[in-house]
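Here is the structure we will look at.
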Amino acid sequence: MRYNLKFNMVNVANFEAIRNGQKTVETRAASKKYQNIKAGDILVLTCGKKKSLKKVKHVQIFKTIPALFKKYKVNVVMPGVKTVKEATAIYYSYPGYRKKIWLNCDGNKIVYK
């Protein structure tokens, strides 16, 4: 199955980090839109007019942000971010994210989650 994941232009650095393999773990709230993503699915990433296709290698649901960072280093999920505290503040800056479950699609060097 194919899923569209859009990046706002303010997040172009994240989009490019996924395209070039620097960012190998992407998280999305496990809302209805994303909760059915599974290994083998294709993600169509778009940012402005740029597009990239990535195959999902692994999906895991984390009930909390700390649980996510027990498995993954912060800089793999958020390149340039150094601490769990800083990453948590970024997540909480997104509207409604405190109440949502985290969906993690873990990829290797060429895969977007």
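The values are calculated or read from the model by the stated rules, or taken from the named source; none is laboratory data. Being a predicted model, the structure only gives us computed values, none of them experimental. Positions of Cβ are backbone-derived with ideal geometry, glycine not excepted, and every protein chain shown enters the neighbour counts.
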Residues of region 1-55 that turn out to be farther than 25 Å from Lys70 by Cα and β-branched (Val, Ile, Thr), as a count: 5
If I ask for residues that are over 15 Å from Ala29 (Cβ atoms) and aliphatic (A, V, I, L, M), which ones from region 64-86 would you list? Val74, Val76, Met78, Val81, Val84
What are the pairs, 6+ residues apart or on separate chains, where a residue within region 53-81 that is within 18 Å of Leu43 (Cβ to Cβ) has its Cβ under 6 Å from a residue that is hydroxyl-bearing (Ser, Thr, Tyr)? Lys54/Tyr112; Val76/Thr24
Considering each residue of region 78-95, count those that are closer than 14 Å to Thr64 by Cα and not aliphatic (A, V, I, L, M), and give that number. 4
Does Gln35 satisfy the condition of being among the polar types (S, T, N, Q), touching a residue at least 12 places away in the same chain (Cβ under 8 Å), under 23 Å from Gly96 (Cβ atoms) and part of a loop (DSSP other than H, G, I, E, B)? yes
Is at least one residue of region 58-69 modelled with pLDDT under 90, of a type outside the set (Gly, Ala, Ser), farther than 12 Å from Ile18 by Cα and in contact with a Lys or Arg (Cβ under 7 Å, 6 or more places away or on another chain)? yes
For residues that are within 17 Å of Ala13 (Cβ to Cβ) and exposed (fewer than 14 other Cβ atoms within 10 Å of the Cβ), scanning just region 91-113, find the one that is modelled with the highest pLDDT. Ser93
Taking Gln60, is it under 14 Å from the mean Cα position of the chain (by Cα), in a loop (DSSP other than H, G, I, E, B) and surrounded by 13 or more Cβ atoms within 10 Å (Cβ to Cβ)? no
Of the residues that sit in region 63-83 and are β-branched (Val, Ile, Thr) and in a loop (DSSP other than H, G, I, E, B), which one is farthest from the chain's Cα centre (by Cα)? Thr83
